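J.: What follows is a single structure, and I will ask about it in a moment.
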Amino acid sequence: MCGIVGYIGDLEALPVLMKGLKGLEYRGYDSAGVAFPDEGHLRVIKKRGRLSVLENMLREQGLLDEAARSGRQAIHLGIGHTRWATHGAPSDENSHPHVSRGGRICVVHNGIIENYIELRKHLSDKGYTFVSQTDTEVLAHLIEYHYMTNCNFDLFCAVQTALLEVEGSYALAVLCMDFPDTMVAARKDSPLVVGLGKGENLIASDIPALLPHTREVLILEDSEIAVLTKDSVRVYTVHGDPIVREPIHIDWDTEAAEKGGYEHFMMKEMFEEPKAMRATLTPRIRGGRIVLENFPFTEERIRNASGIHIVACGTAYHAGYVGKYIIEKLCRIPVTVDVASEFRYRDPLVDSNSLVIIISQSGETLDTIAAMREAKKRGAGILAIVNVVGSSIAREADYVLYTSAGPEIAVASTKAYNTQLACMYLLSIEMAKLIGKITDDEYHRYQSELLLIPDKIQTILERQSEIQRFASQHFNAESIFFIGRGLDYALSMEASLKLKEISYIHSEAYPGGELKHGTIALIEKGTLVVCPLTQDNLMDKMISNIQEVRARGAIVLGIATEKQKTALQVCDQVFCIPDIDPIFAPAIAVTPCQLFAYYMAVNKGCDVDKPRNLAKSVTVE
Ligand code: AGP
């Protein structure tokens, strides 16, 4: 998705903007630009392509380097943008910032103005013409229109009035030629955070972009407008009512948002899995019990639940799929699991007795937000498993179980998935205990098993070269199947997505027993099949499935627990993981699958952290 940064303060703004935009590159983009007041006018420099193209343009114009800047009026205010194309192809004209007709207003925007065609016609009727195909340009003209007519050159009024006419989502930053000491920002359904500094204030699409300047962050809520000068930040509702809100202190270290010596963020984040799992589990397992502070779902509420619904997208959905198996096994309560984009439109059977579990790393995935709101509208209790503090989903849920994975920068989610599983386990075990479905012995044994997971992941990571070697033999594969049964099938879904999204190799996850109902027709000599083999009770069946595909020429890689020695006899290769209670196996068996996807992508020369067409947080439908 698009990235936005804005700066106003004592420093030169452009180097700050460029550093902030670099911190947002992982969100995916195809063009970039900046805008700033320059000798009484607004200057816009923008270009299709990578940030380096924009940086070279700024450097060539003497706008970046200290020496080149000497003698020129300082630039203390600016906004920047990386664009992930929605309306209009990637091009110079469609890149942001966009300028109004009279040049007085310029904006950068992340989101979708759903009624932009209607607004565009309204403005065309007033003589406005357009140089781009974007919805954002309409916003620039609309704000200027109100600024020059019914708001009598009041910038806040112009932004407020324009936004009241807008339908859709926005994270927005606005500059006005007449106010070289002011930046206006606003948000609705797209993330935007405000950084409170000393002699400076900033805005950004996410928190890491602010960290080099401040740890004091103000979370803008939906339909709020912020007015920033270098010494003040005032927040209002879009209706003009002032808001007083305490900032939150971010204790991530800046290093956490950097690569830390790894070649890719994805590898760094896989190696952070043990630490992330400890940070998620340990504070919640103490004194022989699971401690979920202020957990609102009482024994009665769980017993009387008309159903539990898990809703998420992508990797988070796959974590929810594992969650379905775990909750049903431990709590004996029916669980549905849906991708959010389906759930929100299928008139779901959700009522005031439903419990809905929303899972999201970013807490800003638009489909997941919309699904949550749909469930809330029907009276359901909303429990969210989220990684980003203060994100939209975290703020709107009835209860938040934060994953403590730290910032996840790589588009391909890794440590977030492991910690989402950790939260699913904590929740399932605690709910099962609350309604008496597990014994005290089981309750304590499960806690002990959970606390052993980080070290087991560590031992897997230390054997990464075995995975690297296997990937080096198979990275030219054109299609790869992941087959499993039970929790191994749920895990296969995530393993398959990881491979697809960063190596661009086609892959499918299939229930082992289902292959013979059609898909086995695709298995031929040399087809690569990966089989997680962690579910003891299904091992014999999986052995049969492996023999079925091998009989047709498949090459099979097994991912098996130490004790499953039989796997060694039927697979071409086996990667052994530490023994573990089968219900917890996905939390560690996923790591070799993540490593496999990583090395396949590296061998293919793919952009591991920023795969094509993808964004870290999908804040559009
Ligand atoms: C996973 O590797 C992908 N980046 C993607 O599927 C992601 O999991 C999905 O977009 C959901 O994101 P969220 O967890 O931030 O809601």
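The values are calculated or read from the model by the stated rules, or taken from the named source; none is laboratory data. In this text, all values refer to a predicted model and were calculated from it rather than measured experimentally. Heads up, the Cβs are rebuilt from the backbone with ideal geometry, glycines too, and the neighbour counts pull from every protein chain shown. Each accessible area value is taken on the protein alone, full model and side chains, heavy atoms only, with ligands, DNA and RNA left out. Shrake-Rupley method; radii C 1.70, N 1.55, O 1.52, S 1.80 Å.
J.: One residue is enough: does segment 493-510 have a residue meeting the conditions farther than 19 Å from residue 357 by Cα, surrounded by fewer than 17 Cβ atoms within 10 Å (Cβ to Cβ) and of a type in the set (Phe, Trp, Tyr)?
T.: Looking through segment 493-510, at least one residue is farther than 19 Å from residue 357 by Cα, surrounded by fewer than 17 Cβ atoms within 10 Å (Cβ to Cβ) and of a type in the set (Phe, Trp, Tyr).
J.: Then there is this: Name, by its number, the condition in (1) farther than 21 Å from residue 436 by Cα; (2) open to solvent by 20 Å² or more (accessible area, probe 1.4 Å); (3) touching a residue at least 12 places away in the same chain (Cβ under 8 Å) that does not hold for residue 270.
T.: Of everything listed in (1) farther than 21 Å from residue 436 by Cα; (2) open to solvent by 20 Å² or more (accessible area, probe 1.4 Å); (3) touching a residue at least 12 places away in the same chain (Cβ under 8 Å), residue 270 misses just condition (2).
J.: Six or more apart or on different chains, Cβ under 6 Å: which pairs go from a residue in segment 53-67 that's under 15 Å from residue 43 (Cα atoms) to one that's of a type in the set (Asp, Glu)? Could you list them?
T.: Taking only residues 6 or more apart or on different chains, not a single pair turns up.
J.: Residue check: is residue 273 touching a Lys or Arg at 6+ places or on another chain (Cβ under 6 Å) and over 30 Å from residue 155 (Cβ atoms)?
T.: yes
J.: When you look at residue 158, is it outside any strand (DSSP E or B) and open to solvent by less than 10 Å² (accessible area, probe 1.4 Å), yes or no?
T.: For residue 158, the condition - outside any strand (DSSP E or B) and open to solvent by less than 10 Å² (accessible area, probe 1.4 Å) - is met.
J.: Say whether the condition of being modelled with pLDDT of 95 or more and open to solvent by 10 Å² or more (accessible area, probe 1.4 Å) is met by at least one residue in segment 132-144.
T.: Looking through segment 132-144, none of the residues is modelled with pLDDT of 95 or more and open to solvent by 10 Å² or more (accessible area, probe 1.4 Å).
J.: Here's another thing I want to ask about it. Kindly indicate whether residue 328 is open to solvent by 10 Å² or more (accessible area, probe 1.4 Å), away from the ligand (no atom under 16 Å from the Cβ) and at pLDDT below 95.
T.: Judged against the criteria, residue 328 is not a match.
J.: Tell me the residue from 59, 43, 72 that is in a loop (DSSP other than H, G, I, E, B) and either surrounded by 24 or more Cβ atoms within 10 Å (Cβ to Cβ) or not acidic (Asp, Glu) (or both), please.
T.: Answer to the check: 72.
J.: To continue, here is another question. With 219, 225, 243 as the choices, which residue is open to solvent by 10 Å² or more (accessible area, probe 1.4 Å), modelled with pLDDT of 95 or more and among the hydrophobic types (A, V, I, L, M, F, W, C)?
T.: Selected residue: 243, the only one of 219, 225, 243 that is open to solvent by 10 Å² or more (accessible area, probe 1.4 Å), modelled with pLDDT of 95 or more and among the hydrophobic types (A, V, I, L, M, F, W, C).
J.: Among the residues of segment 319-348, count how many are part of a helix (DSSP H, G or I) and of a type outside the set (Asp, Glu).
T.: 15
J.: Provide a single number: the residues in segment 359-384 that are more than 9 Å from the ligand (Cβ to nearest atom), in contact with a strand residue (DSSP E or B) (Cβ under 6 Å, 6 or more places away or on another chain) and not in a helix (DSSP H, G or I).
T.: 5
J.: How do the strands (runs of 3 or more DSSP E) wholly within segment 498-577 filter down when requiring 3 or more residues that are within 30 Å of residue 614 (Cβ to Cβ) and of a type in the set (S, T, N, Q): which remain?
T.: none
J.: Can you give me the number of residues within segment 158-176 that are among the small types (Gly, Ala, Ser) and under 26 Å from the mean Cα position of the chain (by Cα)?
T.: 4
J.: Let me ask something else about it. Please return the ranges of helices (runs of 4 or more DSSP H) entirely within segment 388-463 where 1 or more residues are within 12 Å of the ligand (Cβ to nearest atom) and of a type in the set (D, E, K, R).
T.: The qualifying helices (runs of 4 or more DSSP H) are 415-434.
J.: Output the residues belonging to segment 331-358 that are touching a residue at least 60 places away in the same chain (Cβ under 8 Å), surrounded by fewer than 22 Cβ atoms within 10 Å (Cβ to Cβ) and within 15 Å of the ligand (Cβ to nearest atom).
T.: 341
J.: Given the criterion under 27 Å from the mean Cα position of the chain (by Cα) and open to solvent by less than 40 Å² (accessible area, probe 1.4 Å), identify the matching residue among 457, 543, 438.
T.: It is 457.
J.: Tally up the residues in segment 378-398 that are more than 18 Å from residue 296 (Cα to Cα), under 12 Å from the mean Cα position of the chain (by Cα) and of a type outside the set (Ser, Thr, Tyr), please.
T.: Qualifying residue count, segment 378-398: 2.
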